[in-house]
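Right, one structure below, let's go through it.
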Amino acid sequence: MVGSCGEDWTHASALIDAVLEHFNALWEGRLCQSCRRHEVCPVPLEEPRLG
């Protein structure tokens with residue numbers, strides 16, 4: 001069961017894997033070419049410039 005506010009969290013590995021894959025696809029920019037929302041994306045995810 002997926003929960004919040006003190007409820008139990010899931011231990012379903014298939015669900016966890018699917019959510020993790022979706023997050024990684026967003027974070028890594030793999031969906032940027034097909035999202036068609038570039039005009040509302042202020043800055044595509046990129047490595048920060050340090051120093």
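No lab work stands behind these numbers, since they all come straight from the coordinates. A quick note: this is a predicted structure, and the numbers were derived from the prediction, not measured.
A few points about this structure:
- Each residue of segment 13-19 was assigned a 3J(HN,Hα) from its phi angle through the Karplus expression (A = 6.51, B = -1.76, C = 1.60, θ = phi - 60°), giving 4, 5, 5, 4, 4, 5, 5 Hz with x at Gly and Pro.
- Rounded to whole Hz, the Karplus (6.51, -1.76, 1.60) HN-Hα couplings of segment 27-32, x for glycine and proline: 4, 7, x, 5, 9, 4
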